[in-house]
1. Roughly how much accessible area, to the nearest 100 Å², goes out of reach of solvent when A and B pair up, both sides summed, probe 1.4 Å?
2. Just to confirm my understanding: which cysteines in the protein assembly as shown have no other cysteine beta carbon less than 4.7 Å from their beta carbon?
3. Let me check I have the definition right: for chain B, take the eigenvalues of the Cα gyration tensor, multiply each by 5, take square roots. What are those semi-axes in whole Å, largest first?
4. Around B:MET47, what is the net charge, scoring Lys/Arg as +1 and Asp/Glu as -1 over all other residues with Cβ under 11 Å from its Cβ?
5. Can you list the trypsin sites (Lys or Arg not before Pro) in region B:39-102 that are in a DSSP coil and have 12 or fewer other beta carbons within 10 angstrom?
6. Hand me the tally of lysine pairs in chain B: alpha carbons under 20 angstrom apart, and the pair either on different chains or 8 or more positions apart.
7. If you take each beta carbon of peptide B:40-48 and count the beta carbons of other chains within 10 angstrom, what is the mean?
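The values are calculated or read from the model by the stated rules, or taken from the named source; none is laboratory data. What you see is a predicted model; the values in this text were computed from it and never measured. All Cβ positions, glycine included, derive from the backbone under ideal geometry; neighbour counts span all protein chains shown. To get the accessible areas, we keep the full protein, side chains included, count just its heavy atoms, and leave off ligands, DNA and RNA. Shrake-Rupley method; radii C 1.70, N 1.55, O 1.52, S 1.80 Å.
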Amino acid sequence: KQEVTQIPAALSVPEGENLVLNCSFTDSAIYNLQWFRQDPGKGLTSLLLIQSSQREQTSGRLNASLDKSSGRSTLYIAASQPGDSATYLCAVGTGNQFYFGTGTSLTVIP
Amino acid sequence: GAVVSQHPSWVICKSGTSVKIECRSLDFQATTMFWYRQFPKQSLMLMATSNEGSKATYEQGVEKDKFLINHASLTLSTLTVTSAHPEDSSFYICSARGERAVTGELFFGEGSRLTVL
């Protein structure tokens, strides 16, 4: 069974810093990997989707990379802002199943 | 991105009653919908996967008779919590995926918070 781990569990940074969130998975046979953001008491907002054939995707200040062979993905956030404060979840897609990590809770301090 | 609407966003009910939660894909046809449960400060736990027109596939440990899932059309799936008890109180979230089945992007509803008194 696929296991997805996210490190760190919580992160606090001053505004303006660049930061990296990590996601690792145990089975490299994946179709895609998706990063989400979740605000307290809310659903999930899709940030980036990387197909298994891709190495990275970019959207604005966000860049996600995928190294399937080593079972890792990173989400890079440039010039962090207080509005980036949320929980970030990665999900690994293996056919009809998606496996979620436990998330990284990010706090950006003004 | 695509829009998935979930209703109601919160519901309070008495123990023993049944509650229905709707999940709608507003601007695409969702061939597959997923139902998740999330406890405070924890990640999402997949409850079941439903494909339009067929029976839902439940994850191990999820009671089929308690959590009834119906996916009658390509834009609507419902989760009914039958004879709800306080331990069923949780945040329920649905997600949907369109025609690009295996590699398709997942879109989530806003979630429904159920409180059973």
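1. Protein heavy atoms only, the A-B interface buries about 1700 Å².
2. Flagged as lacking a Cys partner: B:CYS13.
3. 23, 14, 13
4. Overall, the nearby charge balance is +1.
5. Answer in residue order: B:LYS41, B:LYS55, B:LYS64, B:ARG100.
6. Number of lysine pairs found: 6.
7. 4
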